[in-house]
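J.: Got a structure for you, written out below as structure tokens; questions coming shortly.
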Amino acid sequence: MITLKSSELPEITRGRYLSLSKELEITFLSTDSRKTVMNPASLFFAIHGLVHDGHHYIDSLYRGKVRQFVIEDPAFDVSSYPEANFFLVKNSIHALQDIARWHRNKFDLHVIGITGSNGKTMVKEWLSQLLSWRYNVIKTPRSFNSQIGVPLSIWQIQDYHQVGVFEAGISKSNEMQNLQMIIDPHTGILTNIGPAHDEGFASRKEKLIEKLKLFAHSKILIYHDSEPYIKETIDEYLPGVHKISWNTGRGSKWQINLTKTEHKGTEIRMERDDLEYSFFFQYPDNASIENIIHVIIYLLHSGWEENQVQEGILGLSKISMRLEMKKGINDCYIIDDSYSNDLAGLEIALNYMNNQNQRNHKSIILTDILQSGMSPEDLYQKTSAMLGHFQLNRIITIGPEIEKIKNYLNHPRFYHYKDTEIFLEKFPFDDFNNEIILVKGARKFGLEVAARKLQEKIHGTVLEINLDALSHNLNVYRSFLDPNTKIMVMVKALAYGSGSIEVANLLEFHRIDYLGVAYVDEAVTLRKNGISLPVMIMNPASDGFENIIDFRLEPEIYSIGLLKAIDRFSKRYKKTVKIHIKIDTGMHRLGFQMDDLDEMLALLVSNPYLEVTSVFSHLAAADEPLHDAFTTSQVRTFESAVNQIRSVLINPFMVHIANSAAILRFPHFHFDMVRLGIGLYGFDNTGKILDKLMPIGRLKTTISQIIHLKKGDSVGYGRIGRLTRDSTIATVAIGYADGFSRAFGNGRATVYINGQPAPVIGNVCMDMTMIDVTGLDAREGNEVIIFGPEHPLHKLAEAVNTIPYEILTNVSERVKRVYVSE
């Protein structure tokens, strides 16, 4: 095993030690405090980013026993950390890349590099699966293909690996050269050139030229010759590389002919010179076909026989590249990673679980780790060491080999089963209670059955929440703020239907300053689930005052009557209450009128237990340029009220009025804090940044039944859905009790199946809806997209003349929420 010691860093990357307290081995590399192994062998790279500054997390990491840091700030006070090593560099990302390049150069394995606009991750996964039949393969975990992800992937190479499969992604010029020097691939695969990241380049050709830098020293390049400029550019920039092109037309080395089969798959016929091959592939969509052709060509070029390739691709399945967190039985959460298992992926999954604070207890169900290339003793000793870095309530292992863990890890709650069937039969699943459970296993063990058994029993309609998209949107809005401006994020109404606990947990990591909810019980739920951020309650009631005290909550006070009630309560119990004063400046929903201020101030001055934390108001039309004069008048009224309050109250308080729209349109009205609401969830009513935001939700269901009806038949209650032709009708498992409004009925809304639109026919029922799938490739059990990135929510809202907020917040609690993250 290649080892790196702290004293070697100056030889590998430019920099100097500010303190070197002790010579230590470096085993783990990390740029994310959430995913750092709390161990002296971890090296943390503090990156000063646009949104987060890694230097702010050093203190908590040091308290967690991390002792090695690469930093960019020469003024950082290292004297507060006497047991730590601090290595100062100009750029922490470049230092990380230098270390990865040093590590890569220690090994002589065959490396395949993959880039392109789309399909990189799936090609990498499928190719790695098949190559692992013959070789010990190391691959990019999930989609770790960035300037940070690539070096972290390369760091996982060990001396027993024979083949490496790594993907590289870029978003602008002058990024690929760094990744090329780290990956240094012998064979290259260019998947395609599409619109992704077009904004970072002057033209598609410029983007192609940048991607081709990955293959500067490669021997072979496999690529899809889909446009004339692609071949011309490759020939010009890679003259010494052996090129293997393919196309469905003529002129490429491989000629491809595709035929859809009656088995809902695709026949792929391939010709090259005098050679002909034919393969059946089980997926009919164009993206999957393009991906598998790259894999097939690589395997054939590497000497695989036709029957071996066919056997291999029949065993492939589409793989989720994201960790999924779902509600489970007995108030548990399930992190479902039941389809793959290797050490790199295990570390990622454990770190992800470690960052979830919804439950205190955390358990793991783990199967044998297959095709690692290590001896079982070395493999499970290393696995034991990794598990030992995390506080696990219970460890459950499944498989003939993994029981060896107990030889190296002394854990009081260790359970082992020889196979999944015995585990499902013997383990008392009701013992799981109020905890987070990571289900992590190799595909052959079928742990998805266990994951399903652990899930909360809700029907098949799912609202999928992309936590990475939510983080992205937060950072987009943060880029419009001064670094000193605080942020309150609204998580009322189940975080606009997305799930307040899970969203709040993520926001707490991102160091949001405040959360906002509508009612006391929403805030109490957050506190009971470990959320410690300050929480403002927008519509408190007097019967909730005791909870406000007990759970350290902060009510909005908007009227003389409510102020008198909290005044009496605080004096009676002699309890300090932090409050937020709401001024009505024109919204006319809640708030003190200007005529109320004298009486309000007299009450506040007379009560030492009431602490004014902020004074705020709400803009009525910040997203409408037509009403900008009214918005400005609101702010002037608000400033007048603030000045009057400041003239009387001695202690300082925050001031805020800007909502999501005002963050974008009125930067001079940001004051001390802004309130981010619907913008976080991917909606921009101003239209200024709609192209920069990512939709965070995908509502999907399934087809329960398909029937064939005749012209003149009717569908649904009231016989409203009259058929004007012979039709194929599908019933899907969603209705108005799930939040799919009756307003969507009778053709007013469209859903999508396999990328194809299908209109609603007849009235929407309570639990089911009928759709017209005539002429579509639809089968029972198919996934149906109600809204998502491929069918935007605002389009669905426009169909029934409503707003996205209403649809999102109407998704009922009986619809299962699944939280996904890369």
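J.: Consider segment 766-787. How many of its residues are over 15 Å from Thr461 (Cα atoms) and either charged (D, E, K, R) or part of a loop (DSSP other than H, G, I, E, B) (or both)?
T.: Going through segment 766-787 one residue at a time, the tally reaches 8.
J.: Continuing with this model, one more query. Condition test on Ser132, is it open to solvent by less than 40 Å² (accessible area, probe 1.4 Å), polar (S, T, N, Q) and more than 19 Å from Leu9 (Cα to Cα)?
T.: Judged against the criteria, Ser132 is a match.
J.: From (1) in a helix (DSSP H, G or I); (2) of a type in the set (A, V, I, L, M); (3) under 20 Å from the mean Cα position of the chain (by Cα), pick out the condition that doesn't hold for Ile566.
T.: Here Ile566 meets the rest and fails (3).
J.: Take the residues in segment 620-646 that are without any contact (Cβ under 8 Å) to a residue 24 or more places away in the chain and within 17 Å of Lys582 (Cα to Cα); name whichever of them is surrounded by the most Cβ atoms within 10 Å (Cβ to Cβ).
T.: Glu639
J.: Follow-up. Scan segment 426-479 for residues that are part of a strand (DSSP E or B), farther than 30 Å from Phe740 by Cα and not hydrophobic (A, V, I, L, M, F, W, C) and report the count.
T.: 2
J.: Among the residues of segment 370-388 satisfying the criterion of being open to solvent by less than 10 Å² (accessible area, probe 1.4 Å) and aliphatic (A, V, I, L, M), which is nearest to Tyr415 (Cα to Cα)?
T.: Top of the filtered list is Leu387.
J.: In addition: Determine whether segment 250-271 contains at least one residue that is out of contact with any strand residue (DSSP E or B) (no Cβ under 8 Å at 6 or more places or on another chain), of a type in the set (A, V, I, L, M), open to solvent by 50 Å² or more (accessible area, probe 1.4 Å) and at negative phi.
T.: No: zero hits.
J.: Could you pull out the residue among Gln156, Gln180 that is modelled with pLDDT under 95, open to solvent by 10 Å² or more (accessible area, probe 1.4 Å) and in contact with a helix residue (DSSP H, G or I) (Cβ under 9 Å, 6 or more places away or on another chain)?
T.: The unique qualifying residue is Gln156.
J.: Given segment 115-234, what strands (runs of 3 or more DSSP E) lie entirely inside it while holding 1 or more residues that are farther than 27 Å from Gln255 by Cβ?
T.: 137-139, 163-167
J.: Among the listed residues Lys362, Lys327, identify the single one that is at negative phi, open to solvent by 40 Å² or more (accessible area, probe 1.4 Å) and in contact with a strand residue (DSSP E or B) (Cβ under 7 Å, 6 or more places away or on another chain).
T.: Just one listed residue meets the conditions, Lys327.
J.: Here's a follow-up. So which residues in segment 142-153 are of a type in the set (Ser, Thr, Tyr), surrounded by fewer than 22 Cβ atoms within 10 Å (Cβ to Cβ) and closer than 18 Å to Met181 by Cα, if there are any at all?
T.: Once the filter is applied, which keeps residues that are of a type in the set (Ser, Thr, Tyr), surrounded by fewer than 22 Cβ atoms within 10 Å (Cβ to Cβ) and closer than 18 Å to Met181 by Cα, segment 142-153 yields only Ser146.
J.: Taking segment 732-762 as the region of interest, how many residues are crowded, with 20+ Cβ neighbours inside 10 Å and more than 15 Å from Arg814 (Cβ to Cβ)?
T.: Of the residues in segment 732-762, 10 are crowded, with 20+ Cβ neighbours inside 10 Å and more than 15 Å from Arg814 (Cβ to Cβ).
J.: Continuing with this model, one more query. Name the residues in segment 487-517 that are modelled with pLDDT of 90 or more and either surrounded by fewer than 17 Cβ atoms within 10 Å (Cβ to Cβ) or part of a helix (DSSP H, G or I) (or both), would you?
T.: Matches in segment 487-517: Asp513 only.
J.: Taking segment 778-805, which residues are loosely packed, with under 14 Cβ neighbours inside 10 Å and either more than 23 Å from the chain's Cα centre (by Cα) or farther than 22 Å from Ala730 by Cα (or both)?
T.: Correct list: Arg779, Glu780, Gly781, Lys795, Glu798, Asn801.
J.: Also, I was wondering about something else. Among the residues of segment 222-237, is any surrounded by 20 or more Cβ atoms within 10 Å (Cβ to Cβ), within 22 Å of Arg101 (Cβ to Cβ) and touching a residue at least 24 places away in the same chain (Cβ under 8 Å)?
T.: no
J.: A further question on this structure: For segment 682-700, state whether one or more residues are in a strand (DSSP E or B), of a type in the set (Val, Ile, Thr) and either at pLDDT 90 or above or within 16 Å of Leu467 (Cα to Cα) (or both).
T.: Checking segment 682-700: not a single residue is in a strand (DSSP E or B), of a type in the set (Val, Ile, Thr) and either at pLDDT 90 or above or within 16 Å of Leu467 (Cα to Cα) (or both).
J.: How about segment 376-397: which of its residues are hydrophobic (A, V, I, L, M, F, W, C), outside any helix (DSSP H, G or I) and at pLDDT below 90?
T.: Phe390
J.: For residues that are aromatic (Phe, Trp, Tyr) and outside any helix (DSSP H, G or I), scanning just segment 540-563, find the one that is surrounded by the fewest Cβ atoms within 10 Å (Cβ to Cβ).
T.: If we take residues in segment 540-563 being aromatic (Phe, Trp, Tyr) and outside any helix (DSSP H, G or I), then Phe551 is surrounded by the fewest Cβ atoms within 10 Å (Cβ to Cβ).
J.: Count, please, the residues in segment 238-258 that happen to be under 25 Å from Arg269 (Cα atoms) and either assigned to a loop (DSSP other than H, G, I, E, B) or touching a residue at least 40 places away in the same chain (Cβ under 8 Å) (or both).
T.: Residues that pass the stated criteria total 9.
J.: Let me ask you something else. How many residues are open to solvent by 30 Å² or more (accessible area, probe 1.4 Å) and in contact with a strand residue (DSSP E or B) (Cβ under 7 Å, 6 or more places away or on another chain) when one looks only at segment 28-39?
T.: Count: 3.
J.: How many of the residues making up segment 73-129 are without any contact (Cβ under 8 Å) to a residue 40 or more places away in the chain and open to solvent by less than 20 Å² (accessible area, probe 1.4 Å)?
T.: Number of matching residues: 1.
J.: Which of the residues belonging to segment 1-28 are under 21 Å from Asn178 (Cα atoms) and touching a helix residue (DSSP H, G or I) at 6+ places or on another chain (Cβ under 6 Å)?
T.: Those that are under 21 Å from Asn178 (Cα atoms) and touching a helix residue (DSSP H, G or I) at 6+ places or on another chain (Cβ under 6 Å): Ile12, Thr13.
J.: Quick check on my filter: what residues within segment 701-738 are over 30 Å from Gly679 (Cα atoms) and part of a loop (DSSP other than H, G, I, E, B)?
T.: Result: Lys710, Lys711, Gly712, Asp713, Gly716, Ile720, Leu723, Thr724, Arg725, Asp726.
J.: Follow-up. Can you tell which of Thr461, Thr420, Thr383 is of a type in the set (S, T, N, Q), touching a residue at least 24 places away in the same chain (Cβ under 8 Å) and within 20 Å of Met325 (Cα to Cα)?
T.: When all the criteria are applied, what remains is Thr461.
J.: Further question on the same structure: Looking at segment 638-660, which of its residues are under 41 Å from the mean Cα position of the chain (by Cα) and in a helix (DSSP H, G or I)?
T.: Result: Phe638, Glu639, Val642, Ser660.
J.: In this structure, is Arg413 open to solvent by 40 Å² or more (accessible area, probe 1.4 Å) and either modelled with pLDDT of 90 or more or under 21 Å from the mean Cα position of the chain (by Cα) (or both)?
T.: Criteria met by Arg413.
J.: Is it the case that Arg142 is farther than 30 Å from Phe281 by Cα, of a type in the set (D, E, K, R) and under 29 Å from the mean Cα position of the chain (by Cα)?
T.: no
J.: Suppose the filter is in contact with a strand residue (DSSP E or B) (Cβ under 8 Å, 6 or more places away or on another chain) and surrounded by fewer than 21 Cβ atoms within 10 Å (Cβ to Cβ); does Lys139 pass it?
T.: No.
The values are calculated or read from the model by the stated rules, or taken from the named source; none is laboratory data. Because the structure is predicted, anything quoted here is derived from the model rather than measured. No Cβ is skipped: glycine too gets one built from the backbone with ideal geometry, and neighbour counts run over all protein chains shown. Accessible surface areas use protein heavy atoms only, side chains included; no ligands, DNA or RNA. Shrake-Rupley method; radii C 1.70, N 1.55, O 1.52, S 1.80 Å.
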